[in-house]
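Here's the structure we're looking at; comments come further down.
The values are calculated or read from the model by the stated rules, or taken from the named source; none is laboratory data. Model, not experiment: these values are computed from the prediction. Cβ atoms come from the backbone with ideal geometry, glycine included; neighbour counts cover every protein chain shown. Keep in mind that these areas ignore ligands, DNA and RNA; they rest on the heavy atoms of the full protein, side chains included. Shrake-Rupley method; radii C 1.70, N 1.55, O 1.52, S 1.80 Å.
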Amino acid sequence: MSLDLFAYTPDPQTNLLPYEGIVNDYGVILSQHEADACLNALLNDIAWRHDQALIYGKLITTARQVAWYGEGAFSYTYSGITRRALAWTPLLLQLKQQVERHLQAVSPTVFNSCLLNRYANGNEGMAWHSDDEKELGRRTVIASLSFGAERKFALRHKQTREKREIMLQHGQLIVMRGDTQQYWQHAIMKSSRISEERISLTFRTYGGQNAVSS
């Protein structure tokens, strides 16, 4: 089953998953002008670098570029590589606080870090994975804010292989919470028809303390 953004109205209180996880769609939270300005600033002001991963003992460099920012000099290890967070930029701090305000009514959350991904075009994507590293804690809350090209975001249950898919637009916010990372994988699907860049900001809480209140 696919959920098409043109066929339903985003509602942050509606769960897009059928079971064993929670994904909420807050819709586009920025005006076109605001989203365009953010995209331009992110492309030019972020310390982008190509990501690396250890796969079966071999060091792989991805086409996708990444950056990690946060409140402290966190060390964060995934795929066998340790990364250290840079200090918040004013724009990232502003966007973090804006995302937190949107979450206030449903699940008050304070984030202390942000992993950014930059995809040059539709030939670059993200393979199936779960953000289940122990540093994020159980039932972690991850808020994803998209800029640039519209891309398909897919979720797949680890056991049943049931899928949900939505198209993420410029300035759109979705939030994964609850048991999502334990039972579901997610991916950014590739498409040769897409020539524009996309940037995603995934706000997280390093250390396992996600919600201010349940």
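Points to keep in mind about this one:
- Unmet requirement for residue 111, which otherwise passes all of (1) closer than 30 Å to residue 193 by Cα; (2) among the aromatic types (Phe, Trp, Tyr); (3) crowded, with 19+ Cβ neighbours inside 10 Å: (1)
- Residues located in the range 142-165, provided they are surrounded by fewer than 22 Cβ atoms within 10 Å (Cβ to Cβ) and of a type in the set (Val, Ile, Thr): 160
- Scanning the range 125-141 turns up no residue that is open to solvent by 10 Å² or more (accessible area, probe 1.4 Å), within 24 Å of residue 27 (Cβ to Cβ), free of Cβ contacts under 8 Å to residues at least 60 places away in the same chain and part of a loop (DSSP other than H, G, I, E, B).
- Test: residue 73 is modelled with pLDDT under 75, open to solvent by 60 Å² or more (accessible area, probe 1.4 Å) and closer than 23 Å to residue 167 by Cβ: no
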